[in-house]
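Only one structure is covered here, and it is reproduced in the block below.
The values are calculated or read from the model by the stated rules, or taken from the named source; none is laboratory data. None of these values were measured; they are calculated from a predicted model. Neighbour counts run over all protein chains shown; Cβ positions are idealised from the backbone, glycine included.
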Amino acid sequence: MTKDHAHIVPHGVKARQVYLALRDQISGGDLTGGDLLPGEEKLAMQFGVSRVTIRRALAALSAAGLVERRAGSGTRVAAGAGAPAPAAMDFTTLMPQLVQMGQQTTARLLSFAYRAAPDFVAQAMRLEKEAQVQIATRVRLNDGVPFSHLTTYVPAAIAQNYSENDLATTPLFKLLERSGVQIKNAHQSVSATLAGPDVADALGVDVGAALLSLRRVVRDVDGQGVEYLYGLYRPDIFHLEMPLERVGDAGARHWEPAIGRGAGGGL
């Protein structure tokens, strides 16, 4: 397990670039525990920087617990320095995976309050203007490493059936169902964004780091919105999957989602 490196990045643009490049190779699996890094002189030539810059980058990687530096034996990637196996979500089997997510990951509650729904939430969930909703922000962790920053909006009439402590210890879908909600479907969209200071701190990434952005509206059997989710995900340990099949005849052949045949995996 690596340390939270959000505040360990070295000073200086060039040292920071080298640090981030090597860190991404480690987190992405290109470099694994025990691998020997090239010497300082070779790294300096590879990145087009001075050896002093390389030393700063390696010192920061060592402080983050990503590498081990030993005189006479060089710099090696620390055992277990890579990110945990990436969490994956298959778009075609959404609901079962949301339940599985709650069973395989843990959550940390950051904030909890009741307020009037923002206009974009009220519109998406088909709520009356100024309707009261519960707004909760949590971080989900996979093997102790934060991978998602989630803000949920739930109508107050539903949310009042469970407590703040419940939300910190029980998956939201279970709480909704326990409150009598009959979930039918959901619609979600995916984009990309950059991490602001608060989110970067919560996820252990650098300010301005690229994140996956997901918005989801969950509806009950009557078509009423019961949850609005705004989620931000670390792309190094979370990815989205959608298996496709080639269907149709002759010139009309095209790609379609292979419903129910996804690769699976927990969130």
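Taken together, the residues in segment 55-72 that are buried (at least 22 other Cβ atoms within 10 Å of the Cβ) and hydroxyl-bearing (Ser, Thr, Tyr) amount to 0.
All of ASP222, ASP206 fail the test of being without any contact (Cβ under 8 Å) to a residue 12 or more places away in the chain and in a loop (DSSP other than H, G, I, E, B), apart from ASP222. In the list GLU164, GLU177, which residue meets the criterion of being more than 23 Å from the chain's Cα centre (by Cα) and acidic (Asp, Glu)? Step by step, each of GLU164, GLU177 is checked, and only GLU177 is more than 23 Å from the chain's Cα centre (by Cα) and acidic (Asp, Glu).
The residues of segment 215-237 that are surrounded by 18 or more Cβ atoms within 10 Å (Cβ to Cβ) and within 10 Å of the chain's Cα centre (by Cα), listed by number, are GLY231, LEU232, TYR233, ARG234, ASP236, ILE237. Being among the charged types (D, E, K, R), assigned by TED's automatic domain parsing to the domain that holds PHE120, surrounded by 14 or more Cβ atoms within 10 Å (Cβ to Cβ) and within 22 Å of GLY225 (Cβ to Cβ), is that true of even one residue in segment 183-201? Yes, that holds for at least one residue.
Per-residue answers, yes or no, for (1) surrounded by fewer than 17 Cβ atoms within 10 Å (Cβ to Cβ); (2) at pLDDT 85 or above:
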position	(1), (2)
ALA79	yes, no
ALA83	no, no
ASP90	no, no
VAL99	yes, no
ILE135	no, yes
